[in-house]
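Participant: Before we start, here is the structure in question, set down as structure tokens.
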Amino acid sequence: MLAKSSIGRRFTFSLGAAYFVLFTAFMYLPILLLVVFSFNDSPTLAFPWNGFTLRWYAALAQSTELIKAVWNSVLVGLLSSLIATVLGTLAALGIVRFNFPGKSIFLSVAAMPLVIPAVVMGVAMLILFTMVGIPLTLWTVGLGHVIINLPYAMLIVAARLAGFEAHIEEAAMDLGANYWGALWRVTLPMSMPALVAAFLSSFTTSFDEFAVTFFLAGSDTTLPIYLFSQLRFPSRLPLVVTLAAIMMLLSVLIVLAVEKLRRMST
Amino acid sequence: MFPRKWVILIVVLGVLLVSCGGGGAATSGAKLNVFEWSGYELPEFWAQFAAQHPNVTVDFSFFGEDAEAFAKLQTGFQTDLIHPCAGWWQLYVDNGLVQPIDTARLENWADMPEFLTKQGEFNGQQYFIPWEWGYESILVRTDKVDKVPTSWKELWDPAYAGHVAIYDSGETQYMVGALALGYEPFNTTPEQDEAIVQKLIELKPNLLTYWTDNTELVQLMASGDVWVAGSAWPETLMLLLEEGIPVEYIDPEEGRMGYVCGFGITANAQNVDLAYDYINAVTSLEAMTYLIDEYGYGAANAAALDTADPETVEMLQLADPTILNDTVFYQSLTPERREAVVSNWGRVKASP
Amino acid sequence: MTTLAPPIRTAAQAEATRRRRLLLIMGPPGLALLVFFLVPLGIMGLYTLRSGTLGGEMAWSLDTYRSFLANTALQRLLWRSTLVSLQTSLLCVLLAYPIAYYLAFRAGERRMTLLTIIIIPAWTSYLLRILAWKLILGSSGLLNTFLLWVGWIDQPAPILLFSQTAVVVTLVYVWAPFVALPIFAALDRIDKRLLEAAADLGSPPWYAFVRVTLPLSLPGVLAGFLSVFIPTLGEYVTPLLVGGVNGIMYGNLIQDQFVRALNWPLGSIMSLVLLVLLLPMFLLFRRSDDLLQR
């Protein structure tokens, strides 16, 4: 009986491993193909392989529209992630450290942007800005991103805050600090990994955000909006593909960083 | 490990970047904002402007459909120049989105035919300057089809199943449907409207996809995925011919469709003088000749017919009055009528 | 006399201080959510009570409700979109479950690393991943040119692009890794001793799976399912890029109302209907999430 179950185990183990490999390959293959073919010396993304070239990377450096879009995305990403992290941290503090009537309602509302379809978010905010007369610019895009990222930032920081001593602020205050000093000098540094994780995760979301941004953008485009407009023109694709390759690499690095931080903070 | 100094650093960095970004824009010189159809940003069209104002950046934003452009402007999009088509001009004027244009400042005004300029005149003032007029007709890859269509009705021919692409616009498809059914467009009864909806739904099995952007259609036809475009603009024809793709622009028995588009200066434009210079540049003889040669459109500057490539003028019958007579031009729709047409198109798109 | 001890306060003073701190802390995020989230949704709700289009006359009326109720084509589209989301979510769960199982039970020490390996592609750009599929499947794309070059076919085959299938495939590709996460979390939490006990009592592995593992993993499965189902219901980007004529989803028509048709009241009602449908899902999601945390 033991032998049978261990053979069975090994069979399912190798089956499981095989499936894992297959799944991973399926996930990576299209992306890797893109990266490989970004070095292909051919005007379109097709077989056969024409030779190794870096000319698309060179052309990328000269594409002003593209660079402008990247710069805009970086700006919007940094600022909106900062605000989202700050607001999310405040909300997390409130949720974890205080009890008040309507707390669960607040929690539900704060979590809602996570699950509302992007099209509805985008449309609703568009209506708001139109009615109030705010023109669509990178600022409106940034506001949209703040709302999208706030819930997740809150959850990440709340998970961390809930993890350690609930009366740490009181302990600090017993030693002479006032409440806000205690927060700044004790709670904040201790939750720093979670804060940075929240910031990075907000940044990656913002950098890649299209569905909501589409409704809120004016004449200054972000990178995803620019990409979308280029997706219809396969002749300009080699440039887009090289950009894809670079972005993949950056995303990988950021994801690894976030993972490390998340694990450090739990 | 993570000193709070990092927090301060990030905040400062963020603020610096944002203020640098804003400051950078301010010191880079004057900027003219043009809201355009994609494809018209080519420097050949505004070469005169670039020579006249070497330090001014022309910032293009693009739209793929008139409704998209109008919606953006109506919701506060900032720009100096817009380029919508005549069917919408009335709406722009009624909603106060454009300012009257002083035709005395236009260099090429005298060369513009009245049948075009009249359309841009509202309440005794000129609000829109026509730039291009063009046909909208069936475009076919002659090497892919056995039989070249001669009528709008043939879009429904099952021989083309899965290889037809149509423009994602309620107005256009309403026209196509009306012409295919032999109705008089802009004068249909509700029963006829319903028949058009049903007819358009019947077209769906033949369709590969809707196209929303002209360059998208060029790619689809170049790759051979689409054999019949019903409809396409002349510029698609020219771009494909340039790539050596065998295509033919059809003269359907019911007539081609036609439209006029032109420039308006927005009511809240910040660079009005530059806008006038830009209009003068794009309506100049060189620019308009280039338009005819490259894109096959009719030019508002009538003198360009003489300087343009005669083969192109011939091929697109730009100087041929008989074709013009058979062409059905888009007319202005009232908001209610537009709503009905568009909502019908929504029903077509939504049905399985 | 040192000043280390805090001043003695009355209960009322302490409560007032607590309230003040709460206000200062919860104020900013609360305000942000109110102004930029709840208010827009509220205005959108108000728009449903108007009718007309941008640029024309807009009036207060219930006409938009009437026209939505009469518009059976839209309702059927909503139904079809729900089915697409359902298909996508089910496929994601089916594909992700074995991965989560493998990671939780067989991967041992390396499980977090392997999990990260799976997650990385999921965190790269959404648009670029769709682009990758467009390029591979298109008739001049990598798959077709490869087959032509190798000589297996002599005409490009119009596979999969511009269809509802293309939309489902692309959505599954995008979302499957995200589904693996909550299922893995649930499976990882299962006390392995339960399974040892089952084995000791003589039950074969598959039976233990069905009676022990599967039920305990259900909160994770539910959370994973909903985390795909809810966002894909309003999806419009993927159908726009690969859906063609038959892959159009409800979200596309909402977008149309705001960008093309300029019929904001109709677009608002369509969005409201979507939210109302999603509300029970959302509550279910919160509940499954709570179950998961426990």
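Participant: Choose one of C:L78, C:G141, C:A180: the residue whose Cα lies farthest towards the positive end of the charge dipole of chain C (beta-carbon charges +1 Lys, Arg; -1 Asp, Glu; about the Cα centre).
Facilitator: C:A180
Participant: For chain C, what's the relative contact order in percent, using C-alpha pairs closer than 8 Å and at least 6 residues apart?
Facilitator: Reported as a whole number, the value is 25 percent.
Participant: Here's a follow-up. So what is Rg over Rh here for chain A, counting just Cα atoms and using Kirkwood for Rh?
Facilitator: Working: Rg = 23.5 Å, Rh = 21.8 Å.
For chain A, the value is 1.08.
Participant: Now a separate question. State, as an integer percentage, the relative contact order of chain B based on alpha-carbon contacts under 8 Å between residues 6 or more apart.
Facilitator: Across chain B, relative contact order equals 26 percent.
Participant: Still on this structure, please answer the following. Restricting attention to the alpha-carbon atoms of segment B:36-186, what are Rg (one decimal) and Dmax (integer), both in Å?
Facilitator: 19.3, 56
Participant: Further question on the same structure: Report the dimensions of chain B along its three principal axes from the alpha-carbon atoms, largest first, rounded to Å.
Facilitator: 70, 63, 44
Participant: Between B:V58 and residues 5 or more places away or on another chain, which pairs have amide H atoms under 5 Å apart, with H built 1.01 Å from N, and which residues are they?
Facilitator: Distant-sequence amide H within range of B:V58: B:L32.
Participant: Can you pull the mean other chain C-beta count within 10 Å for peptide A:28-37?
Facilitator: On the way: counts 5, 3, 13, 7, 2, 6, 7, 1, 1, 2.
Averaged over the peptide's residues, the number is 5.
Participant: Right, another one. Sort largest first and round to whole Å: the equivalent ellipsoid semi-axes of segment C:68-293, each the square root of five times a Cα gyration tensor eigenvalue.
Facilitator: One finds semi-axes of 36, 26, 14 Å for segment C:68-293.
Participant: Among the trypsin sites (Lys or Arg not before Pro) in segment B:51-133, which ones are in a DSSP loop with at most 11 other Cβ atoms within 10 Å of the Cβ? Mind listing them? Mind dumping the intermediate values first?
Facilitator: Details: sites: B:K72, B:R105, B:K118; in loops: none.
Listed in order of number, the matching sites amount to none.
Participant: For n ≥ 4 DSSP H runs only, could you compute -39500 (n - 2.57) per run for chain B, divide by its residues and tell me the 222 nm figure to the nearest 500?
Facilitator: Rounded to the nearest 500, the figure is -12500 deg cm²/dmol.
Participant: What ranking of C:S61, C:S203 emerges when the number of other C-beta atoms within 10 Å of each C-beta is taken as an exposure proxy, fewest first? Could the numbers behind the result be given before it?
Facilitator: Values: C:S61 13, C:S203 16.
So the ranking, lowest neighbour count to highest, is C:S61, C:S203.
Participant: Have a look at A:N149, B:A165, B:M315 and report the one farthest towards the positive end of the charge dipole of the protein assembly as shown, computed about the Cα centre with Cβ charges (Lys/Arg +1, Asp/Glu -1).
Facilitator: Farthest towards the positive pole: A:N149.
Participant: What are the ³J(HN,Hα) couplings of segment C:220-231, residue after residue, when phi is run through the Karplus curve with 6.51, -1.76, 1.60 and θ = phi - 60°? Round to Hz, x for glycine and proline.
Facilitator: x, 5, 5, 4, x, 4, 5, 5, 9, 4, 5, x
Participant: Calculate log10 I(q)/I(0) of segment A:75-204 for q = 0.10, 0.16, 0.18, 0.19 Å⁻¹, where I(q) comes from the Debye formula with a single equal point scatterer on each Cα and nothing for solvent.
Facilitator: Listed by q, the Debye log ratios stand at -0.38, -0.84, -0.99, -1.06.
Participant: Please report the projected area of the protein assembly as shown's Cα convex hull averaged over all directions, in nm².
Facilitator: 44.9
Participant: Among A:M248, B:M288, which comes first, then next, by fewest other beta-carbon atoms within 10 Å? List each step's numbers first, then the result.
Facilitator: Working: A:M248 23, B:M288 27.
Least crowded to most crowded, the residues run A:M248, B:M288.
Participant: For segment B:113-154, state which chymotrypsin sites (Phe, Trp or Tyr not before Pro) are in a DSSP loop and have at most 10 other beta carbons lying within 10 Å of their beta carbon.
Facilitator: Answer in residue order: no site qualifies.
Participant: Out of residues 5 or more away from B:G258 or on other chains, whose amide H comes under 5 Å of its own, with H placed 1.01 Å from N in the peptide plane?
Facilitator: Amide H neighbours of B:G258, under 5 Å, 5+ apart: B:E136, B:V328, B:F329, B:Y330.
Participant: How do A:V212, A:V255 line up, fewest other C-beta atoms within 10 Å first?
Facilitator: A:V255, A:V212
Participant: Cα centroids of segment C:32-75 and segment C:163-227: how far apart, whole angstrom?
Facilitator: 41
Participant: For segment B:167-180, what does the Karplus curve 6.51 cos²θ - 1.76 cosθ + 1.60, with θ = phi - 60°, yield as ³J(HN,Hα) per residue in whole Hz, taken in order and with x for Gly and Pro?
Facilitator: Ordered by residue, 3J(HN,Hα) equals 6, 7, 8, x, 4, 5, 5, 4, 4, 4, x, 4, 5, 5 Hz.
Participant: Also, I was wondering about something else. Suppose a student asked you for the relative contact order of segment A:70-175, using Cα pairs under 8 Å spaced at least 6 residues apart; what percent would you report?
Facilitator: Relative CO of segment A:70-175 lands at 51 percent.
Participant: Roughly what % antiparallel, to the nearest 5, for the DSSP beta bridges in the protein assembly as shown?
Facilitator: Of all bridge pairs located within the protein assembly as shown, approximately 60 percent are antiparallel.
Participant: Hey, what do the phi angles of segment C:80-93 turn into as Karplus ³J(HN,Hα) couplings, whole Hz, using 6.51/-1.76/1.60 and θ = phi - 60°, x for Gly and Pro?
Facilitator: After applying 6.51 cos²θ - 1.76 cosθ + 1.60, I find 5, 5, 4, 5, 4, 4, 4, 4, 4, 5, 4, 4, 4, 4 Hz.
Participant: Using a Gaussian network for chain C with springs between C-alpha atoms less than 10 Å apart, which of these wobbles most: C:G138, C:G267, C:G224?
Facilitator: Result for chain C, Cα springs under 10 Å: C:G138 fluctuates most.
Participant: Further, regarding this structure: Over chain C, with a Gaussian network built from C-alpha contacts below 10 Å, which listed residue (C:R189, C:R20, C:R76) shows the highest mean-square fluctuation?
Facilitator: Greatest mean-square fluctuation among the candidates belongs to C:R20.
Participant: I want to verify a result. In a Gaussian network model of chain A, Cα cutoff 10 Å, which of these has the top mean-square fluctuation: A:E170, A:E65, A:E209?
Facilitator: Result: A:E170 has the largest fluctuation of those listed.
Participant: Out of the chymotrypsin sites (Phe, Trp or Tyr not before Pro) in segment C:59-159, which ones are loop residues according to DSSP with at most 12 other C-beta atoms within 10 Å? Provide the component values of the computation, followed by the final result.
Facilitator: On the way: sites: C:W60, C:Y65, C:F68, C:W79, C:Y101, C:Y102, C:F105, C:W123, C:Y126, C:W133, C:F146, C:W149, C:W152; in loops: C:W152.
Sparse-neighbourhood loop chymotrypsin sites (Phe, Trp or Tyr not before Pro): C:W152.
Bear in mind that the values in this text are calculations on the coordinates, not laboratory data. From a predicted model like this one, the values you see are computed outputs, not experimental measurements. Neighbour counts are summed over all protein chains in view; Cβ atoms, including those assigned to glycine, are modelled from backbone coordinates with ideal geometry.
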